[in-house]
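Scroll down for the structure; my scribbles are underneath it.
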Amino acid sequence: MEEKPFLTPKQEKVLNFIRKRVGERLPPTIREIGEELGFKSTGTVRDYLKALMQKGLVRRMNNKSRAIELTDKASFQIPIIGSINAGKPGLAYEEIQGYVNADDLFLGRLGFDDVFALKVKGDSMINAGILDGDIAIIKKRPDAQNNDVVAALLENNEVTLKRLCQKSGRYHLEAANPNYAPIFEEFKVIGKLITVIRKY
């Protein structure tokens, strides 16, 4: 994987705003970038764009107002922040282990702050078609509907991937493998499964 170029925090903010607007199919103007990030001068915005162009992340056509484009190098990438057990619950949050290129996914209008990825470990969701080694793309959200597959945080700060089920008005977590017992202990939903990526 090609190493990401170093960006200052403000360069990262400018790039993330451009990513957001490009994802909404409306690339920003220089003035809109300045307004969003509190730059008083359009010259300041041009300086940031020049730096991003030098790093190969954006390109610009001078004769159009909405002509800021992302290069392949700057394409929206979802960080893989660790592993999630689809077996016995286990710790999930570790250092970033890589990136998933979101250009290949149909994520609608989700922004880069709305999703994260976890590598699946174990076979507890095998009957739901989720296998050991898959990459689970999770939409951050604190709730879900009955039968949704969710990433759930347990009381001991362990995270697991299970199906959210309701019985007698109370929610619990269920595996998609009869070898695993349901989880009735307290938990908190931290995200909902959007899709699974499998590499062969």
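Can you compute the modelled spin-label distance between Asn127 and Leu26, with each label point 7 Å from Cα toward Cβ, in nm? That separation, rounded to one decimal, is 4.7 nm.
Can you classify region 9-74 as rounded, prolate or oblate using the Cα gyration tensor, where a ≥ b ≥ c are the square roots of its eigenvalues, rounded means a/c under 1.5, and otherwise it's prolate if a/b beats b/c and oblate if not?
The shape class here is rounded.
Would you mind checking Lys10/Lys199; Lys119/Lys140; Lys162/Lys199; Lys121/Lys199; Lys50/Lys139 for any pair whose Cα atoms are more than 23 angstrom apart? In this structure, Lys10/Lys199; Lys50/Lys139 exceed 23 Å between Cα atoms.
Mind giving me the FRET efficiency for Arg60 and Tyr200? R0 is 41 Å, r the Cβ-Cβ distance, nearest 0.05 is fine.
Working: r = 38 Å, r/R0 = 0.94.
According to the calculation, E is roughly 0.60.
Each residue of region 43-54 is assigned a 3J(HN,Hα), and the resulting list reads x, 4, 4, 4, 4, 5, 4, 4, 5, 5, 5, 5 Hz, derived from the Karplus form 6.51 cos²θ - 1.76 cosθ + 1.60 (θ = phi - 60°), x at Gly and Pro.
Neighbouring Cβ atoms within 10 Å as the yardstick, rank Ser168, Ser124, Ser41 fewest first. Please list the in-between numbers first.
Details: Ser168 5, Ser124 27, Ser41 9.
Going from sparsest to densest Cβ surroundings: Ser168, Ser41, Ser124.
Proximity of backbone amide H atoms, modeled 1.01 Å from N, is registered between Arg141 and Gly191, Lys192 at under 5 Å, excluding neighbours fewer than 5 places apart on the same chain.
Assigning unit charges at the beta carbon (Lys, Arg +1; Asp, Glu -1) and nothing else, what dipole magnitude in debye, to the nearest 20, does region 9-74 show about its Cα centre?
In debye, rounded to 20, region 9-74 gives about 120.
Each label was represented as a point 7 Å from its Cα along the Cα-to-Cβ direction; for Ser41 and Asn177 these points are 6.0 nm apart. Annotation for Asn147 and Arg170: the two label points, set 7 Å from Cα along the Cα-Cβ direction, are 2.3 nm apart. Using C-alpha pairs under 8 Å with a sequence gap of at least 6, the mean separation divided by the residue count of region 9-74 gives a relative contact order of 32 percent.
Only the coordinates and a few stated rules stand behind these numbers; no lab work does. Everything numeric in this text was worked out from a predicted model, so none of it was measured. Note that we place each Cβ from the backbone using ideal geometry, even for glycine, and neighbour counts take in every protein chain shown.
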